[in-house]
Every structure is written in structure tokens, then in C-alpha cells.
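This report concerns only the one structure given below.
Since every read-out is calculated from the coordinates, none of them should be taken as a lab result. Keep in mind that what you see is a predicted model, and the values were worked out from it rather than measured. Cβ: placed from backbone, ideal geometry, glycine included. Neighbour counts: every protein chain shown.
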Amino acid sequence: MPSGVYALHDPRDGTPLGTEHFTCAPGPAGWRYTADRRTPDGKSAGGVDLTIDALGRPVRLEVRTTDWWVRGGLDAGGTRWVRGDTDGRRAREGHAPGARGFTGTSPAHLVSLARLATAASGPPGGSDTPARRFRLVELTEPVLGPVTVERLLRPEAVETL
């Protein structure tokens, strides 16, 4: 079972944001990634638990920060989630019609999106592989605010280790 640590940095200025200690493996639904996040000084900063099917679609997602959580997945019409505070007083449901999955700061989302793009476009073939537009729900930190975004994805290559 692969496991390790990702160092997280602000994409704008490179400031260290902490680490994500992860474990991932294939499972009955497809693939599962779990991780605990830590601040630069080692304090708990939440976690990620993502299960995707063979096509890269989120079967189940839970993301936690110290004050907020989101749980969600796909339904027949798009992506659905519940977002709440850790006190449990402000839970709200949300739905993004036509959205195919989630994105955010966790490296788990990159693997999910790569699988989603490959399943939609076929095996990578370089510059002749078509790019596809995907509607996604981006979870913005630190409050995990859901924002519907569109991303253009094209698989470039696949490496098997």
C-alpha cells in the first residue's frame, strides 16, 4: 500500500503550508486515498478521505480542516455535498449540476482528475489527445467554501511503476 508525505506550499509565493501524510490503494470501488494534514509546526490541520471509481469519479469524499468539513460525491445530475462547521450548527447542502467531481489543494484531487481526464479522452497520445472541459467543485481553504469552476484537462502521459 503506497504511503508517504507531501510538502504543501502556497502556489503563489512558495510559503510552506504544512504536510499531508497519506496512504492510498486500490479498493472495491476503485481507488482510495486517506491523509492527515499538519501545519508547518506539526499541529493537526484536518484530513482528506477520497474514494473514486475506475473512471475517476468521486464515490465518496470527506475533507476536514480544524473548523469545517465537507462530505460529498456524485449523484445522477452532478456533484452533491454537505458542508458544516465542527460544532455542527451550520450544516448546509449544496449541488452543482453537471459537475464531475471535486478539486482543491490536496494531491488526491490531482490523481482523481488525471484518471477522470484519461477515462474521458482515452489513452494519452501526446499533442493529438483532445483536451476536455470539466465542471468541478473547488473546495477553497480554510473554510472549504465550494465554488463551481471549469478546468480544461488533457492527459499527456501515463507511467506505471
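For the chain, take the longest principal axis of its alpha carbons; what is the angle in degrees between that and the long axis of helix 107-121, to the nearest 10 within 0 to 90?
20 degrees
Apply the Karplus parameterisation 6.51 cos²θ - 1.76 cosθ + 1.60, with θ equal to phi minus 60°, to every residue of the stretch 80-90 and state each ³J(HN,Hα) to the nearest whole Hz, in sequence, with x for glycine and proline.
Whole-Hz 3J(HN,Hα) from phi for the stretch 80-90: 10, 8, 10, 10, x, 8, 5, 6, x, 9, 10.
Please get the size of the charge dipole for the stretch 3-161, origin at its Cα centre, with Cβ charges of +1 on Lys and Arg and -1 on Asp and Glu, quoted in debye to the nearest 20.
Taking the Cα centre of the stretch 3-161 as origin, the dipole is about 440 debye.
Per DSSP H run of n ≥ 4, the term is -39500 (n - 2.57); total these for the chain, divide by its residue number, and report the mean residue ellipticity at 222 nm rounded to 500 deg cm²/dmol.
Numbers: 1 runs with 15 residues, N = 161.
Result for the chain, helices only: -3000 deg cm²/dmol.
Figure the gain on full extension for ALA114 and ASP49 (residue separation times 0.36 nm, minus the Cα-Cα span) and round it to one decimal in nm.
21.7 nm
Out of all DSSP beta bridges with both ends in the chain, state the antiparallel percent to the nearest 5. Could the numbers behind the result be given before it?
Numbers: 56 of 58 bridges.
About 95 percent, rounded to the nearest 5.
Determine which residues of the stretch 32-71 fall in the zone a paramagnetic label at HIS9 would reach in this model, i.e. backbone nitrogen under 18 Å from the point 7 Å along Cα→Cβ.
Residues 38-41 qualify, since their backbone N sits under 18 Å from the label point.
Which of these, VAL137, VAL70, VAL147, has the largest mean-square fluctuation under a Gaussian network model of the chain (Cα springs below 10 Å)?
Maximum fluctuation in the GNM of the chain, among the listed residues, is at VAL147.
Give the Cα extents of the chain along the principal axes, in whole Å, largest first.
48, 35, 34
I'd like the FRET efficiency for ALA76 and ASP41, computed as 1/(1 + (r/R0)^6) with the beta carbon distance as r and R0 of 41 Å, rounded to 0.05.
According to the calculation, E is roughly 0.40.
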